[in-house]
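Written below as structure tokens is the structure these notes are about.
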Amino acid sequence: MKHFPIYLSMDGHTILVAGGGDAAVAKLRLLLKTTARLRVFADSADAQIRDWAAQGRLEWLPRGLQVSDAAGARLIYAAAEDTVEDARIAAIGAEAGVLTNIVDNLADSDFITPAIVDRDPVTVAIGTEGAAPVLARAIKADLEARLPQQLGVLARIGKLFRPLADRLPMGRKRRDFWADYYFDAGPRALEQQGEAALNATLAELLFDHHAAAARPGRVDFVGAGPGDPELLTLKARKLLDKADVVLHDRLVSPQILELARREALLVDVGKEGFGPSTPQERIHQLMAEHAGNGAHVVRLKAGDPGVFARLDEEIGALEEVGIAWAIHPGITAAAAGAAQIGQPLTARGRNTAVRFMTGHDMKGFADHDWRALARPGEVAAIYMGKRSARFAQGRLLMHGADPATPVSVVENVSRPDTRVVGTTLAELPAALDDINGPAVILFGLAPRAAASITNTFASKELAL
């Protein structure tokens, strides 16, 4: 992140705009929405600037910006639309220690002005560091359509009421009050009775929430999917936004963890095969401890929480202490991996069943019905199978599997650094030699043509 986004206080401060043409007018339209004092320096000014000056909304000085003018200014906009003059203005800003923006000159500017969605006092700033202004405008247009105009009114009234709302305990109880106001009671009152009804609505809500008993803690088991945040379910996104505590696996991607509420406590309780791991008993203890204290806990599991994730043990631990829970499925690596290689997990005339298998269990390499799996046309997804690949290969060949049976290995399924290795049962162990990330082994499935897979990813990129 080259440019760090901040909201800079403008109340009682001065912004200088050097220039009187179209570029200056465009910036002033935005700056006039602030509470800053605006001073415009230009030998001649657009009629719009002169009108604003006549209305007292800004001060126009019919001359160029000088060094003495910069003293005490908050920001300077160089909008002369002349390379030499803009460079002179920037030098004045540098000498005075005032941040300066040169319009349409990212490289020489101290800061950039993002695209802004204005629902004062709610504002959304969108920046691409100059890489894609068209994309920023598209995002702005999308947000303009999504965010109702009444949002600003709700926020303005809510801001005035905040000191009273602070009587509620910090945390979940206070968040529930504001969520009720902004997403239910507030919009309804505004639509039915107008702005005048909002204060009474807030007072009634505050009484109700203050009198209500504290909600008991709970645990939601949430599938994080294979890694791509776009494969996360809408339910999972909503739960991450509400959670007080997130207990997550090692394989949950950082991009998905970024979707959690900023104030949420994130706890890594990951496990690594044959490596450092959080004891299962400790995970049980953390869930019970946080939920027992009234927290909303999201137990975030890579893929689907019901596939090789010890879900039954964790549910049992919660039931022993009487804590409520729910399961929210996610896309498992087998489904995402098969999609990535362009193959269905089941196909008419090929296989009417698919096995989800683990490469090892608590006792070591896991044993399975190898004889059934060795039959022609069988398909299986092997999780945690890198270390046990030679063992599985031996068992399958021993029971008559064709050495030429296709196998696909998908490393880091759905992530930017994903990789697909197509091989055969005979060559399986060797194909895993340079696989370092988590991988799912799809036995009985070969990748479709590389061009097809490439086109799939290209289509996704174009869609973005």
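The values are calculated or read from the model by the stated rules, or taken from the named source; none is laboratory data. For clarity, every value in this text was computed on a predicted model and none was experimentally measured. Glycine also receives a Cβ, built like all others from the backbone with ideal geometry; neighbour counts cover every protein chain displayed.
Descriptive notes on the structure:
- Of residues in the stretch 202-232 being surrounded by fewer than 16 Cβ atoms within 10 Å (Cβ to Cβ) and of a type in the set (G, A, S), the one farthest from D249 (Cα to Cα): A203
- Residues in the stretch 14-54 that are assigned to a loop (DSSP other than H, G, I, E, B) and either under 17 Å from T123 (Cβ atoms) or touching a Pro at 6+ places or on another chain (Cβ under 8 Å) (or both): L32, K33, T34, T35, A36, A42, D43, S44, A45.
- Of all residues making up the stretch 268-307, the number that are on the phi > 0 side of the Ramachandran plot and under 24 Å from the mean Cα position of the chain (by Cα): 1
- Some residue of the stretch 315-329 being surrounded by 20 or more Cβ atoms within 10 Å (Cβ to Cβ) and closer than 30 Å to A446 by Cβ: no
- Any chance L206 is in contact with a strand residue (DSSP E or B) (Cβ under 9 Å, 6 or more places away or on another chain), assigned to a helix (DSSP H, G or I) and not small (G, A, S): no
- Among residues that are surrounded by fewer than 19 Cβ atoms within 10 Å (Cβ to Cβ), aromatic (F, W, Y) and modelled with pLDDT under 95, F356 is not included.
- Any hit, the stretch 81-97, residues being aliphatic (A, V, I, L, M), without any contact (Cβ under 8 Å) to a residue 40 or more places away in the chain and surrounded by 19 or more Cβ atoms within 10 Å (Cβ to Cβ): yes
- Considering the conditions (1) out of contact with any Gly (no Cβ under 6 Å at 6 or more places or on another chain); (2) closer than 27 Å to N412 by Cβ, H290 is excluded by exactly one of them, (2).
- Residue list for the stretch 395-425, restricted to those being of a type outside the set (D, E, K, R), assigned to a strand (DSSP E or B) and touching a Gly at 6+ places or on another chain (Cβ under 7 Å): P406, S408, V410
- Members of the stretch 426-445 that are buried (at least 17 other Cβ atoms within 10 Å of the Cβ) and in a loop (DSSP other than H, G, I, E, B): L432, I435, P438, G444, L445
- Tally, over the stretch 4-19, of residues that are touching a residue at least 40 places away in the same chain (Cβ under 8 Å) and either under 23 Å from T83 (Cα atoms) or aromatic (F, W, Y) (or both): 6
- Of everything in the stretch 118-161 that is in a helix (DSSP H, G or I) and β-branched (V, I, T), the residue that is surrounded by the fewest Cβ atoms within 10 Å (Cβ to Cβ) is V134.
- When restricted to residues that are among the aliphatic types (A, V, I, L, M) and out of contact with any helix residue (DSSP H, G or I) (no Cβ under 9 Å at 6 or more places or on another chain), the stretch 116-131 contains 2.
- Selection status of R39, of a type in the set (K, R), buried (at least 17 other Cβ atoms within 10 Å of the Cβ) and without any contact (Cβ under 8 Å) to a residue 40 or more places away in the chain: yes
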